[in-house]
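Structure first, commentary second.
The values are calculated or read from the model by the stated rules, or taken from the named source; none is laboratory data. On a predicted model such as this, the values are computed, not experimentally measured, just so you know. Please note: Cβ atoms are built from the backbone with ideal geometry, for glycine as well, and neighbour counts cover all protein chains shown.
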Amino acid sequence: MSSVASIQLSSGPNIRANLLEVSKYLEEISKTQSKLVVLPENFALMPEDDLSFLDNAEDIGSGPIQEFISESAKKYKLWIIAGTIPIKTNTPKKVTSTTLVYNNAGEVVSRYDKIHLFDVELPNSNESYNESEVFQPGKELKVIETPVGIVGLAICYDLRFPELFRLLHASKVEIIVLYTRPLIVLPAAFTEQTGKVHWETLVKARAIENLCYMITSCQDGYHISGRRTHGDSMIVNPWGQIMSRITSGSGFIESEINHKQLKSIREKFPVLEHINLIGDK
């Protein structure tokens, strides 16, 4: 079996301070059995307003955030799924919300740009969000083979779109980092209002319906923007059971990825082979 870790943070506008906290947890995790670590959405920067992402966006392949993750992956000999980093685009005043995957040699081996942008008004609240004002949506799904299994990448609001996860399953994903070794990884900064009602239900649903592990890594607490995030980072197995969780505060969780159990569940409960959509030919 392989082990994975997920870090939960309460990031602010000071990039250096945020990265120092990440470094502290990476050092601790490097002393465990975990081979892969997931960081939250906006791990390096939770600014007062989204326009600050434009000022701190990096060219792909360079910049202090990317350099820090690359050096940390090499130093601690860890695979790191780097939450989201604002990456410059060719479109004026637009960046992508980008997950970069680093191997334990510090090399970028995959990139996923957030596809679903959070443009909503929350019911019974004054809260509203318009990510498309600053962010440019991605257009490609990404699946990558890692030491802990075949990993699918998704980010925060993507969680609400089961079609995306079905497409990841079609790529034989085992783990979804929101990884048959299926894993899905999901960095997130879910709002407190939606998170307290929907978060656990949605994470478990994606794990159960795709018979995969879900690894989520979240922001938690109050931020300088006035936004409150929900936290509750968790690792959920293919049967929908929570293997590890941190509900609030900063810290990290770990869990083993049991590939034998995953294979057994998929063989004995072959729901994924029973998909039969009306109209399919």
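Which of the residues that make up region 141-157 are of a type in the set (D, E, K, R) and closer than 20 Å to residue 188 by Cβ?
Taking region 141-157 and keeping what is of a type in the set (D, E, K, R), we get 142, 145.
142, the sole residue that qualifies.
Looking at region 35-43, can you tell me whether even one residue there is surrounded by fewer than 15 Cβ atoms within 10 Å (Cβ to Cβ) and either closer than 17 Å to residue 246 by Cα or among the basic types (Lys, Arg) (or both)? So far as region 35-43 goes, no, none of its residues is surrounded by fewer than 15 Cβ atoms within 10 Å (Cβ to Cβ) and either closer than 17 Å to residue 246 by Cα or among the basic types (Lys, Arg) (or both). Criterion applied to 3, 23, 70 was being in a strand (DSSP E or B) and out of contact with any Leu (no Cβ under 7 Å at 6 or more places or on another chain), and the one residue passing it is 3. One residue stands out among those in region 26-56 that are in a helix (DSSP H, G or I) and farther than 24 Å from residue 150 by Cβ: the one that is nearest to the chain's Cα centre (by Cα), which is 53.
For (1) surrounded by fewer than 20 Cβ atoms within 10 Å (Cβ to Cβ); (2) more than 27 Å from residue 196 (Cβ to Cβ); (3) in contact with a Cys (Cβ under 9 Å, 6 or more places away or on another chain), each residue gets a yes or a no:
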{"site": "81", "(1), (2), (3)": "no, no, no"}
{"site": "84", "(1), (2), (3)": "no, no, yes"}
{"site": "87", "(1), (2), (3)": "no, yes, no"}
{"site": "95", "(1), (2), (3)": "no, yes, no"}
{"site": "100", "(1), (2), (3)": "no, yes, no"}
{"site": "104", "(1), (2), (3)": "yes, yes, no"}
{"site": "110", "(1), (2), (3)": "yes, yes, no"}
{"site": "114", "(1), (2), (3)": "no, no, yes"}
{"site": "120", "(1), (2), (3)": "yes, no, no"}
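Here's the yes/no breakdown for (1) among the polar types (S, T, N, Q); (2) at pLDDT 90 or above; (3) not in a loop (DSSP other than H, G, I, E, B):
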position	(1), (2), (3)
197	no, no, yes
201	yes, yes, yes
209	no, yes, yes
215	no, yes, yes
244	yes, yes, yes
248	yes, yes, no
266	no, no, yes
278	no, no, no
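Note on region 217-238: residues that are crowded, with 19+ Cβ neighbours inside 10 Å and farther than 14 Å from residue 250 by Cα amount to 4. Reported count of residues in region 12-27, each being closer than 27 Å to residue 256 by Cα and either surrounded by fewer than 14 Cβ atoms within 10 Å (Cβ to Cβ) or in contact with a helix residue (DSSP H, G or I) (Cβ under 7 Å, 6 or more places away or on another chain) (or both), is 6.
Kindly establish whether residue 249 is loosely packed, with under 14 Cβ neighbours inside 10 Å, of a type outside the set (Val, Ile, Thr) and within 20 Å of the chain's Cα centre (by Cα).
Details: loosely packed, with under 14 Cβ neighbours inside 10 Å: yes; of a type outside the set (Val, Ile, Thr): yes; within 20 Å of the chain's Cα centre (by Cα): yes.
So residue 249 fits the description; yes.
Among residues of region 205-216 being surrounded by 19 or more Cβ atoms within 10 Å (Cβ to Cβ) and of a type in the set (A, V, I, L, M), the one that is farthest from residue 128 (Cα to Cα) is 211. Restricting attention to region 217-242, the residues that are over 17 Å from residue 205 (Cβ atoms), charged (D, E, K, R) and not in a strand (DSSP E or B) add up to 1.
So which residues in region 100-137 are of a type in the set (A, V, I, L, M, F, W, C), farther than 17 Å from residue 42 by Cα and within 20 Å of the chain's Cα centre (by Cα)?
First, the residues of region 100-137 that are of a type in the set (A, V, I, L, M, F, W, C): 100-101, 105, 108-109, 115, 117-118, 120, 122, 134-135.
Pick out the ones that are also farther than 17 Å from residue 42 by Cα and you get 105, 108-109, 120, 122.
Once the filter is applied, which keeps residues that are of a type in the set (A, V, I, L, M, F, W, C), farther than 17 Å from residue 42 by Cα and within 20 Å of the chain's Cα centre (by Cα), region 100-137 yields 108, 109.
Residues checked against (1) in contact with a Gly (Cβ under 6 Å, 6 or more places away or on another chain); (2) assigned to a loop (DSSP other than H, G, I, E, B); (3) not aromatic (Phe, Trp, Tyr):
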| site | (1), (2), (3) |
| --- | --- |
| 65 | no, no, yes |
| 81 | no, no, yes |
| 85 | no, no, yes |
| 96 | no, no, yes |
| 99 | no, no, yes |
| 125 | no, yes, yes |
| 129 | no, no, no |
